[in-house]
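Here's the structure we're looking at; comments come further down.
The values are calculated or read from the model by the stated rules, or taken from the named source; none is laboratory data. Quick caveat, the model's predicted, so the values are computed rather than measured. Cβ placement follows ideal geometry from the backbone for every residue including glycine, while neighbour counts extend to all protein chains displayed. Surface areas here come from the heavy atoms of the whole protein model, side chains and all, with no ligands, DNA or RNA. Shrake-Rupley method; radii C 1.70, N 1.55, O 1.52, S 1.80 Å.
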Amino acid sequence: MAVNLGNQYDAILDAREDRCPMPLLKAKMALSQMAVGERLCVTTCDAGSLKDIPQYVALVGFSLLSKSEDNDVYTFVIQKS
């Protein structure tokens, strides 16, 4: 679940143990509980998220502030708008 992290992000979602479609579903749930302008950091090891999360963010009109990969860990920073 999302956890409060202070200044850099408003919440973080660690979905590294989850497989498709759970990272996306958990990100949707976390974002639904956040206020407009808040930032969510999602980490996952599911390669399907590389396509799913950016497509969802574009579909709903949120901002994908960053997307990165490090040793098969994918990190997304999403701003709710």
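Compute the orientation-averaged projected area for the chain from the convex hull of its Cα atoms and round it to one decimal in nm².
Across all orientations, the chain yields a mean hull projection of 4.6 nm².
Which FRET efficiency value, to the nearest 0.05, is calculated for Ser32 and Ser68 with the Förster distance at 30 angstrom and r the Cβ-Cβ distance?
0.80
Rounded, prolate or oblate, given the Cα gyration tensor of region 39-78, with a/c below 1.5 counting as rounded?
oblate
Give me the net charge of Cys20's neighbourhood, meaning all other residues with Cβ under 9 Å from the Cβ of Cys20; Lys, Arg count +1, Asp, Glu -1.
-2
Can you give the angle from 0 to 90° between the axis of helix 49-60 and the longest principal axis of the chain, with both taken from C-alpha atoms, to the nearest 10?
The helix 49-60 is inclined about 30 degrees to the chain.
To the nearest 10 square angstrom, what accessible area does Ser66 show with a 1.4 Å probe?
Number for this one is 50 Å².
Sort out the exposed loop trypsin sites (Lys or Arg not before Pro) in the chain (DSSP loop, at most 16 other Cβ within 10 Å) and tell me the longest stretch that has none.
20-81
Can you check what the net charge comes to around Asp72, using other residues whose Cβ is under 11 Å from the Cβ of Asp72 (Lys, Arg +1; Asp, Glu -1)?
-2
Starting from the amide H of Glu38, placed 1.01 Å from N in the peptide plane, find each other amide H under 5 Å away whose residue is 5 or more places distant or on another chain.
For Glu38, whose amide H was placed from the backbone, the distant partners under 5 Å are Lys80.
Once the Cα atoms of helix 22-32 and of the chain are each reduced to a long axis, what angle between those two axes, in degrees from 0 to 90 to the nearest 10, is obtained?
So the inclination is approximately 0 degrees.
Per residue, what accessible area does the chain have, given a 1.4 Å probe and all protein chains present, in Å²?
Roughly 58 Å² per residue, with all protein chains present.
Below 8 Å between Cα atoms, with a sequence gap of 6+, how large is the relative contact order for the chain in percent?
Relative contact order comes out at 30 percent.
Quick one: accessible surface of Met34, probe radius 1.4 Å, all protein chains present, in square angstrom to the nearest 10.
20
Tell me the carbon and sulfur percent of the accessible area for region 23-81, rounded to whole percent, probe radius 1.4 Å.
The computed percentage sits at 51.
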